[in-house]
Structures are given as structure tokens and as C-alpha cells.
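Student: Have a look at this one before I ask anything.
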Amino acid sequence: MESGGNRRGFTLIETLIAMAVLVSGVTAVACLYAHSTATLVRAEREAMASFLVARRMEELRGSSPAGLTGGGGLDPLDPVPGYSLYLAGDGRGRISQRAGPDDATLLLLWEVGDAPPVRIAVAVHSLLPQPGRPGTRLAYAVTSIGGRF
């Protein structure tokens, strides 16, 4: 038998250490990919919610203060009929109104104050299940119309 001074190749322990380093690197890249995908989806939903809030706010601001009826609310667990819309996106940037919460992914709520200047608040909540965060608010805005500032 030959003595160990002139060996070629890798020992088993060297191979196992190299595999552990490789697996750690691949796992880190996979986790980073999953996290960045989730962040992208959340950012898209928040951008859509901001657009919906801005659009509804402009619709309400375009009304005369006398034409607005006070009421509504921003509680996603108790939406007020006439002051809420159930919506869903199709994944391609198009949003459509839904009849109820069963097939909706977003809830648009607004609240109109009674006294001038009329305070208007608009919020969009997610209806998708999120652990420990039911009805997560994605976007919110408040403004006043009429009266003096």
C-alpha cells in the first residue's frame, strides 16, 4: 500500500463541507427570491389601492358639498351600504366591482362628514387572508371640501 504523502482527489469530509456551503448558498438565494416576489405582490396591491383611493376621492371632491350625504364608515368589519364597494383585480391591472365579499379581494370604504367644511375619508382594505391581520388597510386619504380654511 502506498503511504498518504502523494494522494489525489478529495476526502469525504471535504466533499461534505463543500456540499453544505453550496446548499446554504442555494437556500439563501431561494429565500431571497420568495421574499422579493412577496414584496412585489404587496407593492402592486398597495399601488392599486392608492389609485382607487385617489380616484374615489376625486369623484367625491367633484361633487358639491350640498350634493353629498353625510354617513358611511371606514370599518372593514361593518361596511355601510352605499358607502362601500367590493372589488377584485384580474391580475392585469383591471379592476371590477363584485356583488359581495365572497369573490372580492379589496374593500373600498368612504365616509362623508355632515357639517361644512365637509370631511371626506376614503380607505381601501385587503380582503385576502393574512395571518394575524384581517382587513389590512392598504391605502387611506382624508380631505375637506367647502367652507373656509
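The values are calculated or read from the model by the stated rules, or taken from the named source; none is laboratory data. In this text the structure is predicted, and so the values were computed from the model without any measurement. Positions of Cβ are backbone-derived with ideal geometry, glycine not excepted, and every protein chain shown enters the neighbour counts.
Student: Within region 66-125, work out how many residues are touching a Ser or Thr at 6+ places or on another chain (Cβ under 6 Å) and of a type in the set (Phe, Trp, Tyr).
Tutor: Going residue by residue through region 66-125, those that are touching a Ser or Thr at 6+ places or on another chain (Cβ under 6 Å) are 88, 109, 117, 119-120.
Next cut, of a type in the set (Phe, Trp, Tyr) only: none.
Looking only at that region, the number is 0.
Student: In region 107-132, how many residues are modelled with pLDDT under 90 and under 14 Å from residue 46 (Cβ atoms)?
Tutor: So the answer is 3.
Student: If the Cβ limit is 7 Å and pairs must be 6+ apart or interchain, which residue in region 76-100 that is closer than 16 Å to residue 49 by Cβ pairs with which residue that is surrounded by 17 or more Cβ atoms within 10 Å (Cβ to Cβ) and of a type in the set (Ser, Thr, Tyr)?
Tutor: Listed by first residue and then by second, the contacts come to 97/86; 98/86.
Student: Return the total of residues in region 86-103 being closer than 15 Å to residue 128 by Cα and either in contact with a helix residue (DSSP H, G or I) (Cβ under 9 Å, 6 or more places away or on another chain) or among the aromatic types (Phe, Trp, Tyr) (or both).
Tutor: Step one: list which residues in region 86-103 are closer than 15 Å to residue 128 by Cα, which gives 86-91, 98, 100-103.
Now drop any that are not either in contact with a helix residue (DSSP H, G or I) (Cβ under 9 Å, 6 or more places away or on another chain) or among the aromatic types (Phe, Trp, Tyr) (or both), which leaves 86-87, 89.
Count: 3.
Student: Pairs, please: C-beta under 9 Å, at least 6 apart or cross-chain, first residue under 16 Å from residue 106 (Cα atoms) and in region 33-60, second at pLDDT below 90 and hydroxyl-bearing (Ser, Thr, Tyr)?
Tutor: 45/105; 45/126; 49/126
Student: Something else: What residue, of 63, 84, is under 26 Å from residue 117 (Cβ atoms) and crowded, with 16+ Cβ neighbours inside 10 Å?
Tutor: Details: 63 fails: crowded, with 16+ Cβ neighbours inside 10 Å.
Just a single option satisfies the conditions, and that option is 84.
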